[in-house]
């Protein structure tokens, strides 16, 4: 498999798995109900593992923000355009809000049990 094809397949797969999370932070025009209904454990864990870039079993606020911004930047479409129109401060506020919603107990990081982007 060529590197270009592998990169494309990886990006498409990551977007398909992770777009529910990213779309949910795009702003008030997007409700949490926008999230995909497929909550399978495999997809959920694939998203968590993709966000956990240092592979320590936790997703920090910085990892979450980097993950979300990268997925939104590569997403295209109306929702990505809406997110990109927000000021950097508003983008950060949306990401912080979603992170805080997911961070059960206010630990400052997400565990696999916290990783429910569709909620």
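FYI, it's all coordinate maths here, none of it is from the lab. All values reported here derive from a predicted model rather than from experimental measurement. So basically every Cβ, Gly included, is an ideal-geometry build from the backbone, and we count neighbours across all protein chains shown.
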Mind giving me the nanometre distance, one decimal, between the label points for residue 87 and residue 74, set 7 Å out from Cα along Cα→Cβ? 3.0
Can you bin region 46-105 into rounded, prolate or oblate? Criterion: square roots of the alpha carbon gyration tensor eigenvalues sorted a ≥ b ≥ c, rounded for a/c under 1.5, prolate for a/b above b/c, oblate for the rest. oblate
Sort 46-59, 98-111 by packing, meaning the average of other beta carbons within 10 Å per residue, with the highest value first. 46-59, 98-111
